[in-house]
Amino acid sequence: MKKIEKRAVLCMILAAVLLLGLGVYLYRFVRHGASWASFPSNRHLYNSSGQLASGTVADRDGDILTQVDGDGRRTYYDSAAVRRATLHVVGDPAGNIGTGALTAFAGRLSGYNLVTGAYSPLGSGNTLELTIDAHYNYVAHQAMDGRKGTVGVYNYKTGEVLCMMSNPSFDPLDPPAIEDGDERWEGVYLNRFLSTAVTSGSVFKTVTMAAAIENIPDLYSRKWDCTGSVDIGGSPVTCQDAHGEMGIEQALAKSCNAVFAELAVELGAEVMQAYTDKAGLSGSYSVSGIATEPGRFTFAGATENELGWAGCGQHHDRVNPCSLMVYMGAVANGGQAAVPQLIQSVHTSFGFSTYWYREKQTDVLIEPGTAGRLADAMSYTAEYTGKGRFGNIDICVKSGTAEVGGGKQPNAWFTGFIRDPAHPYAFVVLVENGGGGSSVAGAVAAQVLDPIVNGY
């Protein structure tokens, strides 16, 4: 009798393990089935050239960026310039760009569902409409003029990414032969907007200022006299110029390293880390299922001089362009912003929708009152750095010239937002080794924002 009882218990344990395993499998099947089915070795979905043989990708205006012809071959937009400008949005034929739509959204394009799998009655897959406007990407690509970097613009109310351009790029219908060590193509398969973290430079001063607004009561009554350098921890923190006497808004506009280094040391490493984390710059966003590269910041254990430089966006500060853009959206929107998204809609060959756009909000990245004061300071910065080139656009900005060492030119940054309810857009421009942030990256931003606000 005892043997029977033991065997019964053993059978029950085995049955429980089996049910648990089945439950885990079903959960993973529901959650990851689309990515399993769209794996490149699935010959039902990929042609002999390794290209996804079903599905159409269109921009927000319905312009077809890529589709499959009657012979099962993947075709792309007619203009080579637009193909290059949208390469990292659409993806390359070989699937090397993992964040491109052809790879990241292969399951949605194939028409996969839990009932019929990847079977499509007409064999054409689904049509996926992106939030991107191909023309804005084209303008951004032309403005970058072959320089490495990225441009991003999004609606901080809805989360729709209107422009996402990354360089270097190439024509997917004429991919280059890339040899090891060829710096022209360094990082060509990376979408720099989503998948990099780069020395931030002075754009990070917006975080230092937010922390100072909330933790230094007399911040707005203080005056500083910048002589071009200040001794912090026994070593100098230098500025490009001697800025003279100024208050905090002038210090942000003139991007005074001496002032912001002193503020960072006064605030301390723990406070600086807390405000960086709160701003969302050390974390990652899921952009329609694509994880952005987390930022990297080292405040703990830094010397006073290193902490001072970190407060200016140097030392070991590394920021992701997309996350910085979202932070700008939160400043514009009073503390929170919409999470960026790339998919506008998905519908089958019969016209049935399989995806509905839903807005998602970030956590509070900056307190509402602090956001208002920082926005005012960034508006003043826009006046100081040359607001006229933006015409009728009411813009709030911060530029950055990030030193990268190695004898290379600094990274040029320009980020901010439009303070206009009719055009709730935040933006970021990074020109790697471009030089001056305002003069170089700011010029790119002016060219890109004009058609977005004024039409084309």
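Here are the numbers for this structure:
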item	result
Yes/no for T401 being among the polar types (S, T, N, Q) and at pLDDT below 95	yes
Hits in segment 334-378 (condition: assigned to a helix (DSSP H, G or I), in contact with a strand residue (DSSP E or B) (Cβ under 9 Å, 6 or more places away or on another chain) and closer than 28 Å to T131 by Cα)	A375, M378
Matching residues in segment 78-93 - criterion: being of a type in the set (A, V, I, L, M, F, W, C) and more than 20 Å from the chain's Cα centre (by Cα)	A80, A81, V82
Flag if A412 is out of contact with any strand residue (DSSP E or B) (no Cβ under 8 Å at 6 or more places or on another chain) and either at negative phi or modelled with pLDDT of 90 or more (or both)	no
Matching residues in segment 170-196 - criterion: being out of contact with any Cys (no Cβ under 8 Å at 6 or more places or on another chain), crowded, with 21+ Cβ neighbours inside 10 Å and either under 18 Å from P340 (Cβ atoms) or in contact (Cβ under 8 Å) with a residue 40 or more places away in the chain (or both)	P172, N191, R192, S195, T196
Single residue of segment 370-397 satisfying the filter (free of Cβ contacts under 8 Å to residues at least 40 places away in the same chain and of a type outside the set (D, E, K, R)) that is nearest to H243 (Cα to Cα)	A382
Residues located in segment 68-95, provided they are in contact with a strand residue (DSSP E or B) (Cβ under 7 Å, 6 or more places away or on another chain) and not in a strand (DSSP E or B)	D69, Y77, R83, A85, T86, H88, V89, V90, P93
Whichever residue in segment 138-165 is under 13 Å from V428 (Cα atoms) and polar (S, T, N, Q) and, among such residues, is nearest to the chain's Cα centre (by Cα)	T150
Conditions (1) closer than 20 Å to G329 by Cα; (2) in contact with a helix residue (DSSP H, G or I) (Cβ under 6 Å, 6 or more places away or on another chain); number of the one not met by G442	(2)
Residue count for segment 163-180, restricted to those that are in a strand (DSSP E or B) and more than 13 Å from A85 (Cβ to Cβ)	0
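Here's the yes/no breakdown for (1) over 21 Å from I213 (Cβ atoms); (2) over 19 Å from the mean Cα position of the chain (by Cα); (3) of a type in the set (A, V, I, L, M, F, W, C):
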residue	(1), (2), (3)
I393	yes, yes, yes
A412	yes, no, yes
Y425	yes, no, no
D450	yes, yes, no
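The values are calculated or read from the model by the stated rules, or taken from the named source; none is laboratory data. Because the structure is a prediction, the values reported are computed rather than measured. Reconstructed Cβ throughout: ideal geometry from the backbone, glycine too, with neighbour counts over all protein chains shown.
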